[in-house]
1. Name, by its number, the condition in (1) buried (at least 20 other Cβ atoms within 10 Å of the Cβ); (2) touching a strand residue (DSSP E or B) at 6+ places or on another chain (Cβ under 6 Å) that does not hold for residue 26.
2. What number of residues in segment 98-118 are part of a helix (DSSP H, G or I), in contact (Cβ under 8 Å) with a residue 60 or more places away in the chain and in contact with a helix residue (DSSP H, G or I) (Cβ under 8 Å, 6 or more places away or on another chain)?
3. Assess whether residue 192 counts as being in a helix (DSSP H, G or I), farther than 29 Å from residue 122 by Cβ, at pLDDT 80 or above and under 19 Å from the mean Cα position of the chain (by Cα).
4. Is it the case, given these coordinates, that residue 61 is crowded, with 18+ Cβ neighbours inside 10 Å and under 30 Å from residue 144 (Cα atoms)?
5. Tell me the residue from 177, 192, 198 that is at positive phi and surrounded by fewer than 21 Cβ atoms within 10 Å (Cβ to Cβ), please.
6. Just checking, how many residues over segment 150-165 are at pLDDT 90 or above and either surrounded by fewer than 20 Cβ atoms within 10 Å (Cβ to Cβ) or under 18 Å from residue 193 (Cα atoms) (or both)?
7. Given the conditions (1) touching a helix residue (DSSP H, G or I) at 6+ places or on another chain (Cβ under 6 Å); (2) at pLDDT 95 or above; (3) surrounded by 20 or more Cβ atoms within 10 Å (Cβ to Cβ), and given that residue 76 satisfies all but one, which numbered condition is not satisfied?
8. Kindly indicate whether any position in segment 43-53 is over 24 Å from residue 180 (Cβ atoms), assigned to a strand (DSSP E or B), under 11 Å from the mean Cα position of the chain (by Cα) and modelled with pLDDT of 95 or more.
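The values are calculated or read from the model by the stated rules, or taken from the named source; none is laboratory data. The structure presented is a predicted model; accordingly, all values stated were derived computationally and were not measured. So basically every Cβ, Gly included, is an ideal-geometry build from the backbone, and we count neighbours across all protein chains shown.
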């Protein structure tokens with residue numbers, strides 16, 4: 001459980017969008033868990049027993065293939081929820097795996113479903129987020145098919161930078177290759193192109209964003225489309241009257 005459910009540093013957007021009383025109610029049901037790199041939260045077709053609200057780090061939803069390769073279909077950070085859409089005893093067709101280390105708040109899946117049924121404001125928050133997540137999945141499918149490795153890598157780095165809120169984070173070439181569906185040598189080449197242009201530095205699994213503005217220029221349009229979808233989610237939370245004590249959530253993934 002996090003000590004103060006209304007603390008400034010509890011920066012998961014769906015939780016921040018809740019009124020204070022609801023956050024206090026949730027606090028009794030949430031447990032803080034560390035997310036080291038490569039931690040698997042659930043497998044395809046496995047019954048989801050817990051739902052996660054990331055505070056820091058990045059969780060990937062990936063599709064594993066028979067040959068052992070995996071392809072990323074979405075990433076989730078402090079703008080979202082890992083495990084939705086969800087029904088009682090339900091599963092998803094993806095693996096959820098931590099790709100950048102961080103911390104999440106964990107809630108039992110049945111408790112989550114009960115909260116959805118009993119709190120219409122929370123239900124709207126989850127529905128809005130799920131729509132934005134589907135937009136990301138659809139855009140990533142097009143991006144993986146149509147755009148260059150440098151464009152896709154730039155998109156991935158920008159999205160991770162938004163979620164982490166800092167310029168330096170750890171990721172390996174091998175894991176990036178799996179996430180992007182590219183050979184390790186291809187990722188190495190693409191990282192070298194971005195590094196030679198002065199946009200990033202990379203050494204022993206640690207990436208530093210040096211020039212975000214130019215990195216956005218290199219990225220394909222998919223980054224902007226996905227960001228706009230999460231911005232619309234944040235705006236949806238603020239339209240109309242919010243319950244007393246609720247806060248406007250941070251906009252998009254730049255929370």
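1. (2)
2. The number of residues fulfilling the criteria is 1.
3. Numbers: in a helix (DSSP H, G or I): yes; farther than 29 Å from residue 122 by Cβ: yes; at pLDDT 80 or above: yes; under 19 Å from the mean Cα position of the chain (by Cα): no.
Answer is no for this residue.
4. Taking the combined requirement at face value, the residue satisfies it.
5. Working: 177 fails: at positive phi; 192 fails: at positive phi.
Result of the check over 177, 192, 198: 198.
6. Keep residues of segment 150-165 that are at pLDDT 90 or above, which gives 150-162.
Remaining after also requiring either surrounded by fewer than 20 Cβ atoms within 10 Å (Cβ to Cβ) or under 18 Å from residue 193 (Cα atoms) (or both): 150-158.
Result for segment 150-165: 9.
7. All conditions pass for residue 76, except number (1).
8. Here is the first cut: in segment 43-53, the ones over 24 Å from residue 180 (Cβ atoms) are 45-51, 53.
Filter once more, keeping what is assigned to a strand (DSSP E or B): 50-51, 53.
Retained after the next criterion (residues that are under 11 Å from the mean Cα position of the chain (by Cα)): 53.
Applying the additional criterion that residues be modelled with pLDDT of 95 or more yields 53.
Yes: segment 43-53 contains one or more residues that are over 24 Å from residue 180 (Cβ atoms), assigned to a strand (DSSP E or B), under 11 Å from the mean Cα position of the chain (by Cα) and modelled with pLDDT of 95 or more.
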